[in-house]
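Notes for the one structure printed next.
The values are calculated or read from the model by the stated rules, or taken from the named source; none is laboratory data. This structure is a prediction, so every number in the text was calculated from the model and none was measured. Positions of Cβ are generated from backbone atoms using ideal geometry, with glycine treated the same way; all protein chains shown enter the neighbour counts. Areas reflect the complete protein model, heavy atoms only, side chains present, ligands, DNA and RNA absent. Shrake-Rupley method; radii C 1.70, N 1.55, O 1.52, S 1.80 Å.
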Amino acid sequence: MQLATIDWTFIIGFFIIALGIGIAVARKAGSDASQFFLSGRGMPWWLLGFSMVATTFSTDTPNLVTDIVRKNGVSGNWVWWAFLLSGMLTVFVYARLWRRSGVMTDIEFYEIRYSGKPAAFLRGFRALYVGIGLNVVIMSAVSLAAIKIGAIMFQFSPLQSILVASLVTVAFSALGGLRSVILTDFLLFIIAMVGAVAAAWVALSQPEVGGLSGLFAHPNVKDKLDLVPAFDLSTPESRNLLFSLFLIPIAVQWWAAVYPGSEPGGGGYMAQRMLAAKDENHAVGAALFFNVAHYALRPWPWIIVALASLIIFPELSDIQEKFPHVTDDKLGDDLAYPAMLTLLPPGLLGLVLTSLIAAYMSTISTHLNWGSAYVANDFYKRFVKPEATDKDLVQVGRISTVVMMILAGALALSLQNALAIFDLILGLGAGTGLVFILRWLWWRVNAWSEIVAMITCLFVVLFFQVVNQDHGMEGWQVFSLNVVITSIAWIVATFLTRPTHPETLESFCRLVNPPDSGWKPVYSQMESVPEVDERVNLPRGILSMVLGCVTVYGVLLGTGCILYGNLGPGLGIFAVATAAGVSLARLWRR
């Protein structure tokens with residue numbers, strides 16, 4: 001396909017703007033480590049909220065949603081919709097605690113919460129394991145989407161797609177640090193949302209689709225429309241779908257699994273944004289904005305395009321026939337999203353392509369800055385050169401930015417499917433999420449709790465993936481077993497090992513003032529106790545979490561009902577969501 005001049009104008013213009021922002025803020029960003037990695041801790045909630053949403057709107061996200069919908073229908077999205085529960089818990093319990101901690105990264109947290117060599121080991125190991133290892137895997141999955149889009153839209157080879165996609169991203173990330181990432185994210189999110197809506201509108205306007213009514217009435221789509229999986233236990237297939245797509249995600253996965261951007265208790269680049277906020281209220285506002293926009297506003301344009309693709313390209317063979325230059329190792333259901341974009345007219349095509357480029361740059365730039373913060377602050381300064389200056393840390397951050405992008409691009413060339421990466425990362429974090437939740441709420445959790453959880457989970461994953469491949473168990477069963485084994489292991493380890501040093505526990509209480517329900521033994525030993533009014537009210541936080549989830553899920557599902565033409569149920573669900581939202585607002589003001 002050929003891009004018109006106006007399409008190239010959109011794309012090249014965006015590259016120039018993004019690079020210009022990086023150059024404009026480079027001097028200030030490079031002035032010290034806090035400016036480069038946390039924007040000087042002075043960002044408002046709305047900019048941080050936009051940045052959180054833009055980061056999770058990666059190039060692979062619409063591809064992933066399309067893959068899910070084509071395989072398991074709309075209800076298959078509960079595998080990621082369930083993470084709203086952990087997101088709302090972060091908003092109303094953990095956002096304030098993170099901002100109070102004053103750390104540079106969430107990895108630095110280990111040595112203000114735990115004590116001794118185990119705490120130092122955790123900080124150093126996870127700085128490299130997460131900052132480079134896991135981070136590179138995630139960026140490679142995002143880059144795989146860029147490869148597939150480049151193959152469909154530009155007829156690029158995989159290597160060409162990686163080079164074009166990464167050069168400008170690395171340049172403005174290395175120059176401007178987190179400040180350039182956040183400022184650019186504001187523009188990126190607007191462009192990405194406009195592009196997603198435009199893609200859905202064009203998909204519905206196709207003669208074969210026939211608008212919303214034609215789409216939902218089409219035989220290729222009718223069995224994909226359930227908003228919640230059918231509670232059918234009559235056959236093994238239906239039971240597996242119900243457990244894997246809904247019951248396990250909503251009952252276990254959200255608190256048990258650690259997935260970047262949805263960590264139980266907050267963490268990763270979400271913690272980085274909260275740490276960059278002006279104050280606690282801005283941290284809470286940013287996290288709330290993200291959860292509303294991410295789960296209530298964004299999914300339906302992607303879902304509509306995915307459903308329409310079942311009419312235009314019902315089988316993988318149809319995609320292969322249309323795009324014969326795509327290699328077999330890159331052919332999958334996730335390719336249907338970029339395939340649908342080829343239907344866009346000039347001008348709109350350039351806008352949507354720009355939105356996907358924007359989504360890619362937003363996610364990659366965040367992961368580069370976040371990962372480089374781990375390398376510079378939590379490994380280089382902590383273990384290699386304790387006397388490192390801010391200039392040294394910024395330099396190490398810029399070098400690690402380039403290195404991580406090279407590693408991610410190289411790995412992306414060998415990947416085939418983003419959904420497989422999603423499942424792998426979920427498995428690697430199974431059972432560790434509860435530690436991330438309780439380490440703020442219970443004084444007895446120590447460094448060995450996290451070390452044992454991490455090691456146990458990894459061994460269980462390796463056992464089922466490598467040693468016992470023919471275990472005959474479904475994925476959700478393996479996940480659940482991993483959660484049980486890992487949880488038992490770390491809880492036993494907690495009671496068999498020494499608690500964190502009392503001085504460290506007291507210092508932590510003075511710093512963040514955690515809820516007193518799980519910290520009474522520590523507070524009772526302190527000579528002077530922090531003000532009770534400044535503590536997070538845990539019961540009120542959990543109630544706020546529930547009301548927030550009802551509000552957002554109500555908007556999400558109510559929108560689906562109205563799109564399906566079920567006006568009565570849709571308005572009823574919206575009424576429940578409104579009532580929950582009003583109750584939440586009143587509770588929050590208190």
Does the stretch 516-547 hold any residues that are buried (at least 18 other Cβ atoms within 10 Å of the Cβ) and either among the basic types (Lys, Arg) or at pLDDT 90 or above (or both), and which are they? Trp519, Val522, Tyr523, Arg535, Gly541, Ser544, Met545, Leu547
Go through the stretch 212-222 and report how many residues are out of contact with any Gly (no Cβ under 9 Å at 6 or more places or on another chain), closer than 15 Å to Gly560 by Cα and surrounded by fewer than 16 Cβ atoms within 10 Å (Cβ to Cβ). 1
Just to be sure before I move on: is Pro324 free of Cβ contacts under 8 Å to residues at least 60 places away in the same chain, part of a loop (DSSP other than H, G, I, E, B) and not hydrophobic (A, V, I, L, M, F, W, C) in the structure I sent? yes
Report every pair of residues separated by at least 6 positions or lying on different chains whose Cβ atoms are under 8 Å apart, first residue within the stretch 348-362 and more than 13 Å from Thr55 (Cα to Cα), second modelled with pLDDT under 80 and not in a helix (DSSP H, G or I). Leu349/Leu3; Gly350/Leu3; Leu353/Leu3
For the stretch 9-44, enumerate the residues that are over 21 Å from Met104 (Cβ atoms) and either over 26 Å from the mean Cα position of the chain (by Cα) or not in a helix (DSSP H, G or I) (or both). Thr9, Phe10, Ile12, Gly13, Ile16, Gly20, Ile23, Ala24
Condition first: surrounded by 10 or more Cβ atoms within 10 Å (Cβ to Cβ) and outside any loop (DSSP other than H, G, I, E, B). Now tell me which residues in the stretch 223-241 satisfy that. Lys224, Ser238, Arg239, Asn240, Leu241
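Taking Ile132, is it under 26 Å from Phe36 (Cα atoms) and hydrophobic (A, V, I, L, M, F, W, C)? Working first, answer last.
On the way: under 26 Å from Phe36 (Cα atoms): yes; hydrophobic (A, V, I, L, M, F, W, C): yes.
Yes, satisfied.
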Check on Leu288, open to solvent by 10 Å² or more (accessible area, probe 1.4 Å), free of Cβ contacts under 8 Å to residues at least 60 places away in the same chain and more than 21 Å from Trp201 (Cβ to Cβ): no
Which residues, counting only those in the stretch 99-126, are open to solvent by 40 Å² or more (accessible area, probe 1.4 Å) and closer than 13 Å to Asn446 by Cβ? Glu111, Gly116, Lys117, Phe121
Regarding the stretch 502-517, can at least one residue be identified that is charged (D, E, K, R) and part of a loop (DSSP other than H, G, I, E, B)? no
Would you please name the residue that is farthest from Met193 (Cα to Cα), looking only at residues in the stretch 293-309 that are aliphatic (A, V, I, L, M) and either surrounded by fewer than 22 Cβ atoms within 10 Å (Cβ to Cβ) or at pLDDT below 85 (or both)? Ala296
